[in-house]
Amino acid sequence: MLSALKVSTGRSEKLPIEDFEHITRPISSHCQGYAPLPTGPGRSRSGTDPLQWDPHRKEKRCRFWPFLATLLALLCLPILWSTNHFCHTMKSTYRFPSNKDYSWAAYNPYFPVEGYRPPPIGCQIDQVNIIQRHGARFPTVDAAARIADALWKLQSAEEYLDQTLYFLKNYTYSLGTDDLVPFGALQSLQAGEESYARYKHLISERDVPFVRAASSKRVVKSARKWTQGISLASRRIYNPVLSVIISEAGNCTLTNKMCPNAGEPSEQTETWARIYGSPVAARLNSVAPGANLLPEDIPHLMPLCAFETVATEKKSPFCAIFTQEEFQNFEYYGDLEKYYRTGYGGALGPVQGVGYVNELLARLTGTPVRDNTQTNRSLDSSPITFPLNRTIYADFSHDNEIIAIYAAIGLFKQPEPLDPKMPNPERTWVASHLIPFSGRMVTERLSCADRGRKYVRILVNDELQPLEFCGSGNGLCLLDTFVKSQAYARSDGAGDFEKCRPAK
């Protein structure tokens, strides 16, 4: 309920300068023609300093100079702040590989799967709905424990017979847990900048993006960095705020924690781990005698390549331990994990995305939310916490929830369930394409002058979805037809949500 979340009703806020410190990558220390004013104990106190007290000056002059200096500071500070920040190029210090170089599954940094396609001629976008995963993070607590166990085995080897392993002699694991890394914050900020560049025609002083986030710290930080990206790109003309933080302990459409009866994908992932992990474990044990790695250890060692790279912004030495083919097999492990957890392979997977889909339908049609699953009715019934008159909505969530949303809508449906023993090279269910760090689904509503009706199209990481379930497969679907196609969501999951909780 309202007490379980934080709500901001304001439309804009002043951004603290220090929020940018850990995500900027300056090319030079100062902009050309500008250097920051000296401050603190080292500041000059010479006789030329207008703020210097001089007992030999007349009283009027002593009063005049501080006033003038203060006035000038107030007038110039916004200009100096803007100049200081806009002359810096926002970029990472490391060029991250695309999925063509490595397959890191859900730990891949965001990349556009294809180039963005503008709307058809004669059509204008009049509403945008974004749901985005948080940026790159440290391993979760549970994942970190599994990583540590597998790494301990590898570091217990008697000797290393392969040079790619030599670094382990002096290696200390030092990654944090759960939280956003600086590169992940930068990803979110850049996503905000991109959204402004693409959809700025929808933003005005009275209509800035409406932003919500699940309550996990990394999700909240990602949402705030996205709003700062909008502010930065608009040169602080538009300053959206994070308006609603929804507690993940209660009803929340931005997390997958409301279905305790949902199964785990352990059977499928363990099967594939034994198949692909066995030769990898054998190879490593042969060059690290005494490690005694098991096939199931391999999926917990391989993510170190991704986690260390995004955390340090330089290529981790763990990346060189494994071959490209082995990373492709690891990718499939991640595909299976997502497919059988909250995707089509989980009996109660898609229903966990129904609440968000019903919120999306409400926004697209401008009508109240109709849902009896995960939605928080107190929030969704209020025009303050769930307005229906905005042009841009941005929600920040987790990978498993967004996967459930794909499945609830009908995106990335496979002709056959994923085989835990053999990958299909033609599959479109690829985790690094679906839900990388900072991955996003964007639903655009369009008005087409020559057709006189509303349309919908969906992009996942900039790849236009065919929406063959509600149109000709060209990615453009009549809004009315799209709403009708979402019968599963509109029926509250056709009885599946009742199966989420233990019978009383």
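Of note:
- Any hit, region 436-448, residues being surrounded by fewer than 18 Cβ atoms within 10 Å (Cβ to Cβ), touching a residue at least 12 places away in the same chain (Cβ under 8 Å) and more than 27 Å from Arg137 (Cα to Cα): yes
- Screening region 354-418 for helices (runs of 4 or more DSSP H) wholly inside it with 1 or more residues that are β-branched (Val, Ile, Thr), surrounded by 23 or more Cβ atoms within 10 Å (Cβ to Cβ) and in the same structural domain as Ser216 (by TED's automatic domain parsing) returns the ranges 354-365, 399-409.
- Filter result for Arg427 (under 29 Å from the mean Cα position of the chain (by Cα), outside any strand (DSSP E or B) and at pLDDT 95 or above): yes
- Filtering region 482-490 for residues that are of a type outside the set (Lys, Arg), more than 26 Å from Leu348 (Cα to Cα) and in contact (Cβ under 8 Å) with a residue 40 or more places away in the chain leaves an empty set.
- Some residue of region 88-102 being surrounded by 13 or more Cβ atoms within 10 Å (Cβ to Cβ) and modelled with pLDDT of 95 or more: no
- Candidate set: region 145-172, residues that are among the small types (Gly, Ala, Ser) and surrounded by fewer than 18 Cβ atoms within 10 Å (Cβ to Cβ); chosen: the one nearest to Ser215 (Cα to Cα): Ala145
To keep it simple, each residue is scored yes or no on (1) part of a loop (DSSP other than H, G, I, E, B); (2) aliphatic (A, V, I, L, M); (3) in contact (Cβ under 8 Å) with a residue 60 or more places away in the chain.
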site	(1), (2), (3)
Val244	no, yes, yes
Asn256	yes, no, yes
Cys259	yes, no, yes
Gly263	yes, no, yes
Glu270	no, no, no
Ala273	no, yes, yes
Arg283	no, no, no
Gly290	yes, no, yes
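- Failed item in (1) under 22 Å from Val310 (Cβ atoms); (2) part of a helix (DSSP H, G or I); (3) touching a helix residue (DSSP H, G or I) at 6+ places or on another chain (Cβ under 7 Å), with Lys153 passing the rest: (1)
- Selection within region 455-480 - more than 28 Å from Tyr339 (Cα to Cα) and crowded, with 20+ Cβ neighbours inside 10 Å: Tyr455
- Some residue of region 212-222 being loosely packed, with under 13 Cβ neighbours inside 10 Å and in contact (Cβ under 8 Å) with a residue 40 or more places away in the chain: no
The values are calculated or read from the model by the stated rules, or taken from the named source; none is laboratory data. Owing to the predicted nature of the structure, the values given are computational and were not obtained by experimental measurement. Glycine gets a Cβ as well: all are built from the backbone with ideal geometry, and neighbour counts include every protein chain shown.
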